[in-house]
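What follows is a single structure, written as structure tokens, with notes after it.
The values are calculated or read from the model by the stated rules, or taken from the named source; none is laboratory data. The model shown is predicted, which means the values in this text are computed figures rather than measured ones. Reconstructed Cβ throughout: ideal geometry from the backbone, glycine too, with neighbour counts over all protein chains shown.
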Amino acid sequence: MQPTLERATRKFKDLAVYAPAGSYTLLPFRFHVLTPEKELLVSEVGDYLLVPRGTVARVVGRQLTYAEEPDLYADLLAGFFITDSPELPLLDVLATRYRTKKAFLEHFTALHIFVVTLRCEHTCHYCQVSRVTADKNAFNMARHHLDQGIAHMMRSPNPHVTMEFQGGEALLAFEVIQYGVEEAERLAVRHDKQITFVICTNLAVLTDEILLYCQQHNILLSTSLDGPAFIHNANRHRPKRNSYELTIQGIARAREVVGYDRVSALMTTSTLSLEHPLAIVDEYVAQGFANVFLRPISPYGFALRHDRKNKYATDAFLTFYKTALAHILDYNFRGHFLREDYATIILRKILTPFSVGYVDLQSPAGLVNSVVVFNYDGAVYASDEARMLAEMGDVTFKLGHLDTHAYEELFYGPKAREIAGAWANEALAGCSECAFQPYCGADPVLHHATQGDMYGHRPTSVFCQKNMEIIRYLFELMDADPRIEAIFRSWVADFT
């Protein structure tokens, strides 16, 4: 006779079925099988435990006792995975930890990007904006739009704001930058703001006068460096194919005038870059940088028009990333400090109780909460990526216009509220139950661009695929070699 099987049912079971059993009560946590031997437990505030396979089942089954496994039991208590008191005496501590993780929300928008021109003398094949040639002055930001954008920046509740000038090539509209800096400095005194100024530039049109002005007004310079000359010049076209040479000269000149550590560089990974991870890392070391930010191409703007040069699978980028990261770690093993910035942002969320200011890895997402973009034509966008999407004709993330919308309409209006419906990974299917959720973010713009809606579909999300594997790999590395964890902790300690 066949045994009688209990028929599956969707009816609610009696409350007694869910009553705590044993000496402790479970607190919210998530888990993930990290390797064939190890699994990862992550608490609501991001504390983690790497434990042998099968531990989760034993924890959930209330099979642990302090007498038999005092260290594991104590770790579970300290990490807010379980409680052995019905009152949860450390609830205030848990709440404070959670509030600290979300501290980036406290003061609202910090980064205010001003697109001062679309003009550019480069023709980079992966450019994410619809650049125009250098002689088209109509594509400079009008002074009244600059004034309106600065006025909105002064209304931000955040006492520390960043005013970032972008293009095109921002230095082709340097007179617009000068006016913006001086007007912002004047109003900052009245509104008690501390302002950080940043110019994003390829450095090709840099002059001594510009450098002196940057020194006098404490302006940071951010440039692009994609690797050695054969990669950089192939990615970042210029009529004389001398973009690399001008960039290296510009970095050296800028360091002499504005300060060594006030010049930063970012790289973008093209299909050519995928073949040369070691050479790219070596170039950053050769140029005296202590950090590298390994970035994939974003699916916006002109980048989509050059599939052969720009389109590659996420797996290909992850292979490139891991190879480059191994090379960076090798430099550290040999006593040369070198940090990979994307890993460091994630590690700050893993290894410290603090929040991060990186828009893509925030939840709620950094759109509006951390960044806003004032375009050259007065349009206002929820992020730089939102502006790039608009250049392709998709204005889904346009908040409004400086001429027609007040501050409250832009930052708290219907578009901001619509975006808010998909910007917290705690409430997104596939994210809410993911062990990596406290370390990851939500990216409504990317999911809209690649999947057709802000909410997104996690099983086919390139954002999810990339971040899940990088986060998993960082844990695997730390577990495999204590020297790597020590290196990672040094990166976090150095990171601001």
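Does L246 fit the bill of being under 17 Å from E164 (Cα atoms) and not small (G, A, S)? If you could, list the steps in order and put the result at the bottom.
Values: under 17 Å from E164 (Cα atoms): no; not small (G, A, S): yes.
Here the answer is no, as L246 does not meet what is asked.
Of the residues making up the range 192-216, those that are free of Cβ contacts under 8 Å to residues at least 40 places away in the same chain, surrounded by fewer than 16 Cβ atoms within 10 Å (Cβ to Cβ) and closer than 30 Å to R155 by Cβ are D192, Q194, T196, Q216.
Within the range 477-496, the set of residues being without any contact (Cβ under 8 Å) to a residue 60 or more places away in the chain and within 23 Å of F104 (Cα to Cα) comprises A493, T496.
Taken over the range 177-191, the criterion of being of a type in the set (V, I, T) and surrounded by fewer than 17 Cβ atoms within 10 Å (Cβ to Cβ) is satisfied by V189 alone. Just wondering, is there one or more residues in the range 317-327 that are assigned by TED's automatic domain parsing to the domain that holds A142, surrounded by fewer than 18 Cβ atoms within 10 Å (Cβ to Cβ) and of a type in the set (A, V, I, L, M)? Looking through the range 317-327, at least one residue is assigned by TED's automatic domain parsing to the domain that holds A142, surrounded by fewer than 18 Cβ atoms within 10 Å (Cβ to Cβ) and of a type in the set (A, V, I, L, M). Looking at (1) in contact with a strand residue (DSSP E or B) (Cβ under 7 Å, 6 or more places away or on another chain); (2) farther than 28 Å from V292 by Cβ; (3) not in a loop (DSSP other than H, G, I, E, B), which one does E426 not meet, given that it meets all the others? The failed condition is (1). Looking at the range 390-423 only, could you name the residues that are touching a strand residue (DSSP E or B) at 6+ places or on another chain (Cβ under 9 Å) and on the phi > 0 side of the Ramachandran plot? Within the range 390-423, just G400 meets the criteria. For the range 258-271, name all the residues that are touching a residue at least 12 places away in the same chain (Cβ under 8 Å) and either of a type in the set (D, E, K, R) or buried (at least 17 other Cβ atoms within 10 Å of the Cβ) (or both). Answer for the range 258-271, where residues must be touching a residue at least 12 places away in the same chain (Cβ under 8 Å) and either of a type in the set (D, E, K, R) or buried (at least 17 other Cβ atoms within 10 Å of the Cβ) (or both): V258, R262, V263, S264, A265, M267, T268, T269, S270, T271. If you go through the range 348-367 and pick out every residue that is closer than 20 Å to L50 by Cβ and outside any loop (DSSP other than H, G, I, E, B), you end up with 4.
Could we say that A442 is buried (at least 17 other Cβ atoms within 10 Å of the Cβ), at pLDDT below 95 and within 17 Å of P296 (Cβ to Cβ) here? So A442 fails the test.
Of F80, F108, all but one fail to be assigned to a loop (DSSP other than H, G, I, E, B), in contact with a helix residue (DSSP H, G or I) (Cβ under 9 Å, 6 or more places away or on another chain) and modelled with pLDDT of 95 or more; the exception is F108.
Scanning the range 141-170 for residues that are in a strand (DSSP E or B) and closer than 16 Å to V115 by Cα turns up T162, M163, E164, F165, Q166. Of the residues making up the range 340-360, those that are hydroxyl-bearing (S, T, Y) and within 25 Å of T323 (Cα to Cα) are Y342, T344, Y358. Is there a residue being outside any helix (DSSP H, G or I) and either in contact (Cβ under 8 Å) with a residue 40 or more places away in the chain or not assigned by TED's automatic domain parsing to the domain that holds M153 (or both) anywhere in the range 459-476? The answer is yes, given that some residue of the range 459-476 is outside any helix (DSSP H, G or I) and either in contact (Cβ under 8 Å) with a residue 40 or more places away in the chain or not assigned by TED's automatic domain parsing to the domain that holds M153 (or both).
Yes or no: the range 333-347 includes at least one residue that is part of a helix (DSSP H, G or I), in contact with a Leu (Cβ under 6 Å, 6 or more places away or on another chain) and surrounded by fewer than 17 Cβ atoms within 10 Å (Cβ to Cβ). No, that holds for no residue. Summed over the range 46-102, residues that are surrounded by 15 or more Cβ atoms within 10 Å (Cβ to Cβ), among the acidic types (D, E) and farther than 21 Å from I350 by Cα total 1. Within the range 481-496, the set of residues being at pLDDT below 95 and in a helix (DSSP H, G or I) comprises A493, D494.
Within the range 316-330, residues that are over 14 Å from F488 (Cβ atoms) have Cβ atoms under 6 Å from residues that are part of a helix (DSSP H, G or I) and of a type outside the set (A, V, I, L, M, F, W, C) in these pairs: L318/E469; F320/P277; T323/P277; A324/P277, counting only partners at least 6 apart in sequence or on another chain. Restricting attention to the range 48-62, the residues that are touching a helix residue (DSSP H, G or I) at 6+ places or on another chain (Cβ under 9 Å) and without any contact (Cβ under 8 Å) to a residue 40 or more places away in the chain add up to 4.
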